[in-house]
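Here the structure comes first, spelled out in structure tokens, and everything after it is commentary.
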Amino acid sequence: MPDFSLTPEQESLRDLARKFARTEMAPHAAECDRTSRFPEEIYRKAFDLGLLNLNVPAEYGGSGLGLFDQCLIVEELAYGCGGMTTTVIANCLALEPILLDGSPEQKDRFLKPFCAEYHLAAFALTEPSGGSDPGTMRTLARREGDHYVLSGEKCFISNAPQASLLLVFANVDPSLRHKGVTAFVVARSAEGVTVGPDEEKMGHRASSTATIRFDDVRVPASDRLGAEGTGFSLAMRTLDQTRTPIGALATGIAQAALDHAASYSLKRETFGKPISEHQAIQIKLANMAQAVHAARLLTWRAAWMIDRGQKGTLESSIAKCYASDAAFDVADEAIQTFGGYGYMREYPVEKLLRDAKLTQIYEGANEIQRIVIARELLRGYG
Amino acid sequence: MTGPTLVVGEVHDGGLSDATKEAVGFAQSVSGKENVVGFLAGSSSRAPAAGFGRCGVARTFVAEDPRLDGAVGAVVAHLVASAADSLGADLVVVGGSTFGRDLVARLGVRWSAAVATGVTSLSRTGAALEVRRPVFGGRATETRQLEGAHAAVAIRPHASAAPPESPGETALTAVSVEGIPPLLWAPQRLGVKVVPRGAGPSLTDASIVVSGGRGIRAAENFRLIDELAASLDAAVGASRAVTDAGWRPENYQVGQTGKQVSPQLYVAVGISGAIQHLMGMISSRVIVAINSDPSAPIFKVADYGLVADLFQVVPALTQEIRRARGQ
Amino acid sequence: MEIVVCVKPVPDAETRLRTAPDGTTLDIEAVKFVLAGYDESAVEQALLLREANPGSKVHVVSAGPPPRTEEVLRASLALGCDLATWVETPPGVAPDPVSAARALARAVSAVPHDLVLCGKNAGDDEAGVVPGALAELLGVPDFSAVLDLRWDAGAARLRFQRNTEAGVESWEAPLPCVVALQQAWNDPRTAKLPAILKSRRLPIAKVSPEAAAPTVGTTRPTKFELPPPRTGAKLIEFKTPEEAAQKLVKVLKEEAKVFP
């Protein structure tokens, strides 16, 4: 990666996302956070501009972007609002399994109509019994002729209330444990699918999160992705792809926090001078800047590697883990820089801390990331 | 040796426009009173041309033809170029108006002139002419050298004062409108509607502007701005937030995508000072900001500020101004 | 209708202005150049006219140095323009307005042009000179400060209004002509992501500028000055609104000398 500059094309993509984030998302971020409103009109605008189905190839009507370009866009969007960006990447996350393991016929059948108009998808893996341990899932898929019958419950599913397409992982044979997990594309409108109420969350309140119950939902076998028992591997390969954009999302939140803190420090005066002239604040800002730069570059490198066909598990785990921890720390220090004002909801920084927290938990909690990092690392020494 | 300077005027309300008088003042200070010659074209230009005499301009070219009032700028450029040539002029000066700017643009080609618009000052160093003008919405000033034998300059509104008026005659020289290509007479001006502006001068002409922003909170509160403006005989402006919300029509908007104003005094009420707005008013001579938020960016660019609740201070200010002006 | 739109790359509105080392111009190192704001409106107007008059084409033209001029042409293509032509001038500072008009005239006169659209002025030098000079070179009328532009195919007339100091003028004119739009009174569309990607592969025709630059009728920047930094508002202290009002009026009268 000798050349760190962006191509003019990449600059145009980044500018598009930046303009959308600053003019369409940011002005509504505080209101959506306060009222926990899902701003469908903003997501529709994102769809219109090609900012929703980022990972779906152009032949199916998506934007067909590589991972690096997706990360450029995701960071800019997250600068505008972390919650709204979660809606976008949760959508991409749900479509990724179809891209990885869908047959050509399935890709055509699912993706083309999905991308032709505004739609949202949801990735249903997590269960009340286990998020970090999907091998123990209790949602079952019982084979009946040319159908499967799904029963169970998924929780904390982003986009669930608004999704038209669900990517559901269920076990066809619990005795096989994770080797029985299978992936299915399920229509939200299918009989037996019930979505619970939108959860009241600490942050990302412009995104919806809910429980989905499957009560004997009949799913055609032709809607199964890949062979039975390949679902766990598919889920892991999916997360290998989508982990890096979380690093970008966290970087966007961290950059916003740094910008707020730095510009505030130039205006706010204490003891006769702007606080930016006090060493305590300068050291804080320096640490924050280091963290933001590092988060971005780790994310960029992981994305670059994966775009080149490398697995990038170690690098993407490091990027996600580092960037999300950095976002939380930078947001924390930003609040501290603002002092009392930082604690007031009227000012934009406390939202950033609440939004940063989720990035340490979802898409693979940071504890799991560290285990993955250790495992990948030690492999090299074994 | 300075050659003659031709000042091209516009008719407004039967006389010379204020912009024209400013152009005369500018030309006289740059070229010397004796070198300034006037030019006026219109359906009836002889009578308004007397205004040049009262400004101390001894000679004026007049082109009179019923078609000239609704004529395109290209026609006037034809007439001005030949008048300038017959005079042996080396400089044409026009007032700060749409007409003025368009005319010098045409003269840049037709008269092979070095052109500059929005000019705030012009100096001669030997044979060379140098102009200064604001750029980037008034955030910077550039100096340009005008190269060549001819120069055509449109000044910025209020860049110069009009000369004091005194009785005086100007000798008229008729200019023929023969030889104008027929295709330039083809466009038709069908009518002119004076836009109802409520009390007060137009935004771009006014020497005082009072603008209201998002801090006004509701359409019905905007009357506080109207009343303050009326007390100062000022024009009323608005930030983009106000026009986007529909509290005032778009022609009130001061800003990068609205009107750019350069009044002597700009009063920003309940306006935060986003760069979009600043670019519309930053070149105002004096800026006063009234805002309850002490960290609003407007206070960085204002000359005077009141960190105050506008709903309390603006009515008090209106009253105090009326008292001070004996209204 | 064959519509030509003239566009210019200008520094982004948020650019921090700095003087170049030689003191004559803006320091363009690290400046982000974008399609001028009024030009976006002109492109939008052209696209709207194309939609209203099926069979029309929009040809975007720009005269200026690499790489920024190519970038705004691509941005215009991404918005939906059909064709693009670039008159490439030497790298660095852009040509002065009349020289730019001469370069544009070379490109415009080489293609079909019924209507030539320009923005009100560019956001940098704000000269507003190109439309008039270009029209003079093309030998056609020009109209500035135009709002509400429509093509009346039946009468073969362009119908529009002009917002001038006299008021709002109503006009009709035959083609060809040059029109400079008043301001951003339409809502420019945003280029969609697929169009942005596609625009990188579209061809841009090249036209060379005049071989010898004319030596008469040009201007040259010699100094670029930033105003002394505004030190911020003098805040007026007060206890009551009445006191605030009295103090402000006094200051405007005696210190600022702007009281009417």
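The values are calculated or read from the model by the stated rules, or taken from the named source; none is laboratory data. Fair warning: this is a prediction, and the values are worked out from it, not measured in the lab. With ideal geometry, Cβ positions are generated from the backbone for all residues, glycine too; neighbour counts draw on all protein chains shown. For the accessible areas, the whole protein counts, side chains as well, though only heavy atoms, and no ligand, DNA or RNA atoms are used. Shrake-Rupley method; radii C 1.70, N 1.55, O 1.52, S 1.80 Å.
Cβ-Cβ below 7 Å, separation at least six or inter-chain, first residue in the range A:293-315 and modelled with pLDDT of 95 or more, second among the basic types (Lys, Arg): which pairs?
A:Glu315/A:Arg301
Inside the range B:302-317, can you point out the residues that are under 31 Å from the mean Cα position of the chain (by Cα), open to solvent by less than 10 Å² (accessible area, probe 1.4 Å) and facing chain C (nearest Cβ under 7 Å)?
Passing the criteria: B:Ala302, B:Gly305, B:Leu306, B:Leu317.
Could you say which residue among A:Ala235, A:Ala257 is assigned to a helix (DSSP H, G or I), touching a helix residue (DSSP H, G or I) at 6+ places or on another chain (Cβ under 7 Å), touching a residue at least 24 places away in the same chain (Cβ under 8 Å) and more than 12 Å from A:Ala334 (Cα to Cα)?
A:Ala235
Out of everything in the range C:211-222 that is in a loop (DSSP other than H, G, I, E, B) and within 13 Å of chain B (Cβ to nearest Cβ), what residue ends up being modelled with the lowest pLDDT?
So, considering only residues that are in a loop (DSSP other than H, G, I, E, B) and within 13 Å of chain B (Cβ to nearest Cβ), the one modelled with the lowest pLDDT is C:Thr215.
From the list C:Ala94, C:Ala101, C:Ala156, pick out the single residue that is open to solvent by 20 Å² or more (accessible area, probe 1.4 Å) and over 26 Å from C:Glu51 (Cα atoms).
Being open to solvent by 20 Å² or more (accessible area, probe 1.4 Å) and over 26 Å from C:Glu51 (Cα atoms) holds for just one of C:Ala94, C:Ala101, C:Ala156, which is C:Ala94.
All but one of (1) open to solvent by 70 Å² or more (accessible area, probe 1.4 Å); (2) in contact with a Ser or Thr (Cβ under 6 Å, 6 or more places away or on another chain) hold for B:Leu228; state the number of the condition that does not hold.
Here B:Leu228 meets the rest and fails (1).
Select from the range A:1-24 the residues that are in contact (Cβ under 8 Å) with a residue 60 or more places away in the chain and aliphatic (A, V, I, L, M) and list them in ascending order.
Within the range A:1-24, A:Met1, A:Leu6, A:Leu13, A:Ala17, A:Ala21 meet the criteria.
Taking the condition away from every other protein chain (no Cβ under 14 Å) and either surrounded by 21 or more Cβ atoms within 10 Å (Cβ to Cβ) or within 19 Å of the chain's Cα centre (by Cα) (or both), does B:Ile216 pass?
yes
Of the residues A:Arg18, A:Arg14, A:Arg22, only one is under 20 Å from A:Glu346 (Cα atoms) and out of contact with any Lys or Arg (no Cβ under 6 Å at 6 or more places or on another chain); which?
A:Arg22
Go through the range B:255-266 residue by residue and tally those that are part of a strand (DSSP E or B) and either open to solvent by less than 10 Å² (accessible area, probe 1.4 Å) or among the aromatic types (Phe, Trp, Tyr) (or both).
2
Condition test on B:Arg59, is it surrounded by fewer than 24 Cβ atoms within 10 Å (Cβ to Cβ), farther than 19 Å from C:Lys120 by Cα, modelled with pLDDT of 95 or more and more than 9 Å from chain C (Cβ to nearest Cβ)?
It is true that B:Arg59 is surrounded by fewer than 24 Cβ atoms within 10 Å (Cβ to Cβ), farther than 19 Å from C:Lys120 by Cα, modelled with pLDDT of 95 or more and more than 9 Å from chain C (Cβ to nearest Cβ).
Looking at A:Leu77 and the list (1) open to solvent by 10 Å² or more (accessible area, probe 1.4 Å); (2) assigned to a helix (DSSP H, G or I), which single condition is not satisfied?
The one condition A:Leu77 does not meet is (1).
I'm trying to understand the selection: among the residues of the range B:135-188, which are over 27 Å from the mean Cα position of the chain (by Cα) and among the charged types (D, E, K, R)?
B:Glu178
Within the range A:32-61, how many residues turn out to be within 30 Å of A:Glu346 (Cβ to Cβ), open to solvent by 50 Å² or more (accessible area, probe 1.4 Å) and within 14 Å of chain C (Cβ to nearest Cβ)?
Selection size over the range A:32-61: 2.
Go through the range A:200-217 and give me each residue that's of a type outside the set (D, E, K, R), touching a Gly at 6+ places or on another chain (Cβ under 7 Å) and not in a loop (DSSP other than H, G, I, E, B).
A:Ala210, A:Thr211, A:Phe214, A:Val217
Restricting attention to the range B:26-38, does a residue exist that is closer than 21 Å to B:Thr98 by Cα, at pLDDT 90 or above, part of a helix (DSSP H, G or I) and under 22 Å from the mean Cα position of the chain (by Cα)?
yes
Hey, among the residues in the range B:121-142 that are within 17 Å of B:Thr5 (Cα to Cα) and outside any strand (DSSP E or B), which one's least open to solvent (accessible area, probe 1.4 Å)?
By that ranking, first place goes to B:Gly126.
Determine whether the range A:348-364 contains at least one residue that is open to solvent by 20 Å² or more (accessible area, probe 1.4 Å) and of a type in the set (S, T, N, Q).
yes
So, in the range C:3-58, of the ones that are of a type in the set (D, E, K, R) and surrounded by 18 or more Cβ atoms within 10 Å (Cβ to Cβ), which residue ends up nearest to C:Glu225 (Cα to Cα)?
C:Lys8
Take the range A:342-368 and flag every residue that is of a type in the set (A, V, I, L, M, F, W, C) and under 27 Å from A:Arg268 (Cα atoms).
Once the filter is applied, which keeps residues that are of a type in the set (A, V, I, L, M, F, W, C) and under 27 Å from A:Arg268 (Cα atoms), the range A:342-368 yields A:Met344, A:Val349, A:Leu352, A:Leu353, A:Ala356.
Restricting attention to the range C:74-90, does a residue exist that is touching a strand residue (DSSP E or B) at 6+ places or on another chain (Cβ under 8 Å) and either of a type in the set (Phe, Trp, Tyr) or more than 25 Å from C:Ser199 (Cβ to Cβ) (or both)?
Looking for residues that are touching a strand residue (DSSP E or B) at 6+ places or on another chain (Cβ under 8 Å) and either of a type in the set (Phe, Trp, Tyr) or more than 25 Å from C:Ser199 (Cβ to Cβ) (or both), one finds at least one in the range C:74-90, hence yes.
Please work out if A:Asp198 is farther than 29 Å from A:Lys357 by Cβ, out of contact with any Asp or Glu (no Cβ under 8 Å at 6 or more places or on another chain) and open to solvent by 10 Å² or more (accessible area, probe 1.4 Å).
no
Would you say C:Asp82 is of a type in the set (D, E, K, R), within 13 Å of chain B (Cβ to nearest Cβ) and open to solvent by 10 Å² or more (accessible area, probe 1.4 Å)?
When the stated conditions are applied, C:Asp82 does not pass them.
Being farther than 27 Å from A:Glu11 by Cβ, open to solvent by 10 Å² or more (accessible area, probe 1.4 Å) and within 7 Å of chain B (Cβ to nearest Cβ), is that true of even one residue in the range C:192-210?
Checked against the condition, which is being farther than 27 Å from A:Glu11 by Cβ, open to solvent by 10 Å² or more (accessible area, probe 1.4 Å) and within 7 Å of chain B (Cβ to nearest Cβ), the range C:192-210 yields no hits at all.
Among the residues of the range B:278-301, how many are touching a helix residue (DSSP H, G or I) at 6+ places or on another chain (Cβ under 7 Å), part of a helix (DSSP H, G or I) and more than 9 Å from every other protein chain (Cβ to nearest Cβ)?
Adding up the residues that qualify gives 1.
For the range A:107-128, state whether one or more residues are touching a strand residue (DSSP E or B) at 6+ places or on another chain (Cβ under 9 Å), over 28 Å from A:Gly252 (Cβ atoms) and modelled with pLDDT under 95.
Within the range A:107-128 (the criterion being touching a strand residue (DSSP E or B) at 6+ places or on another chain (Cβ under 9 Å), over 28 Å from A:Gly252 (Cβ atoms) and modelled with pLDDT under 95), the answer is yes, since at least one residue qualifies.
Within the range C:241-260, how many residues turn out to be within 8 Å of chain B (Cβ to nearest Cβ) and open to solvent by less than 90 Å² (accessible area, probe 1.4 Å)?
Residues meeting the conditions: 11.
So C:Ala173 fits all but one of (1) open to solvent by less than 10 Å² (accessible area, probe 1.4 Å); (2) in contact with a Ser or Thr (Cβ under 9 Å, 6 or more places away or on another chain); (3) at the interface with chain B (Cβ under 7 Å from one of its Cβ atoms); what number is the exception?
Here C:Ala173 clears every test but (2).
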